1. Evaluate region 15-60: find the radius of gyration of its Cα atoms, find its Kirkwood radius, and give the ratio Rg to Rh.
2. Rounded to a whole number, what is D in µm²/s for region 408-455 from Stokes-Einstein with the Kirkwood radius over alpha-carbon pairs (4 °C, 1.567 mPa s)?
3. Using only alpha carbon pairs under 8 Å that are at least six residues apart, calculate the relative contact order of the chain and give it in whole percent.
4. Exceeding 23 Å between C-alpha atoms, which entries from my cross-link table qualify? They are LYS168/LYS401; LYS168/LYS247; LYS168/LYS341; LYS247/LYS394; LYS247/LYS400.
5. Determine the principal axes of the Cα atoms in the chain, then give the extent along each, sorted from largest to smallest and rounded to whole angstroms.
6. Taking region 146-241, how much of its Cα-Cα pair set, in percent, is spaced more than 21 angstrom apart?
7. What base-10 log of the normalised intensity I(q)/I(0) is obtained for region 218-314 from the Debye formula, alpha carbons as equal point scatterers, at q = 0.12, 0.15, 0.24 Å⁻¹?
8. Counting other beta carbons within 10 Å of each Cβ, put ASP446, ASP256, ASP139 in order, fewest first.
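Laboratory data are not the source of any read-out in this text; all were calculated from the coordinates shown. Remember, predicted model here, so these are calculated numbers, not experimental data. Every residue, glycine as well, gets a Cβ built from its backbone with ideal geometry; the counts of neighbours run over all protein chains shown.
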Amino acid sequence: MGDRIRESWNTRLGFVLAAVGSAVGLGNIRRFPFQVGEEGGAVFLVVYLCFVILIGFPAMLVELSVGRKTNRNPVGALKMFGGGAWMYVGGLFVVMVFVIFAYYSVVSGWVLRYFFDSFTGAYTEDPAEYFVEISTGLDALFFHAVFAAVAIAIVALGVQRGIELAVKVMVPSIVVLVVGLAVYAFTLEGASAAYAYYLTPDAEVVLSNWHLVLPAAAGQAFFTLSLGMGVMITYSSYIDEDRNLSKDAGMVVSLDTLIAFVAGLIVLPILFTVSDGPSTVSGAGTVFVSLAGAFADLPYGSLVGAIFFGILALAALSSAISILEVAVSYLIDEADVSRFKAAVSVGFVAFLLGVPVTYNLVFIDLLDILAAEILLVAGSLLLMVLVAWLGTDKAIEELKKGIGDLGWMGTTWVWLIRVPVVVVLVVSLYLGFVDYAEFLREDFADFLVGEIRQLQEEPTRVSPIAYFF
Ligand code: PHE
């Protein structure tokens, strides 16, 4: 480390808002409502809540205690907390930054595009065709670049002047706008049918499909709370006072869950008003296509569309900056690079990795399943082993600062992260591998075969690059 003074949050609220900003993202609005509706309504919700409280919350406390104790980026933090070889786990987190940012930024680029087009109504005529047009090729590449540039700029400005300032504006705006849209959605014709679909308990689905529902609920809990890649370690490493970490974690977990839940009260009434509810949720574009179509037929549709995609853009941006910050803090701490250089180089490389995604959407799944079902889960699992089995005393000591004696809560926490959290992670990881293998064997293999065939039929099409022009 150089002699540069390490940055820190300006206020307590700054840290909490940044962590909430990271947690609330595309995952909350694009995935969660549909998952609930499809996988058992209120029963899924209860299962999910159990996961969040019993698995997500304790796992978040693990990351917060490691971050604040060490005041380092994930690589330095794990080296300090666990010793030499553990820094490679931190290294894995830094690699994940690139895997996740690459596709997250492309999808966020679509969101930006839809936001601007809400004012012109461009997507309302033929939503499906429109999505096909803008989701790949130069259009997608351009908006991917714009989104990445904004995220890089915020991170380059620093912890206080960049991230903290941005989230202090973005997160409250998200909350206000989400509540506003939920009230609007309540007045729509399809609201009651939507609530019924969303919340009617269907234990049957959960019981008969438990091997799919459980890992889906667990995976969503980790993804949406930004756990398993060091985001929370990094953010909590900028805390410079001893305060109650469990209160902070509780706030982040509750706000994230609440916003995901309310997102369902927006998205589903809209879809039920213009059709008989959501079609199947396969494919990255479903939400874009079905909602864009809906806005055309709704009262004040273009305004609602702009607000909706605006919320999504803010949520995506406040998550994207947290993803970049993991690798940026690593370069600043360990390689003594300036923040500006670190932000630009990390962002640029991550941007380049997103380019193939704008060539064919199969790359979104290639990266998304790898990240959400394998890497984040493996990352969390390794962290739990380190903290729950090897470093409990250090972690407990850290948590006590700002709380005082933990009593039975400390013991409960330790046993939760030692056994149930580890078991859930191991099972999820196994199922994640199975799922990914199937994806590679089927969808991805189909894609490759198709590409090869096309090259044989059209030998002039020398490279995918031609696609862009
Ligand atoms: N939590 C974010 C979301 O719900 C995604 C994310 C994952 C952000 C991992 C950071 C790290 O969209």
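1. Radius of gyration relative to Kirkwood radius: 1.03.
2. 96
3. Reported relative contact order: 33 percent.
4. The pairs that break the limit, which is 23 Å between Cα atoms, are LYS168/LYS401; LYS168/LYS341.
5. Here the spans come out as 60, 53, 42 Å, largest first.
6. Value for region 146-241: 62 percent of Cα pairs lie more than 21 Å apart.
7. Each listed q corresponds, in turn, to -0.56, -0.77, -1.32.
8. ASP446, ASP139, ASP256
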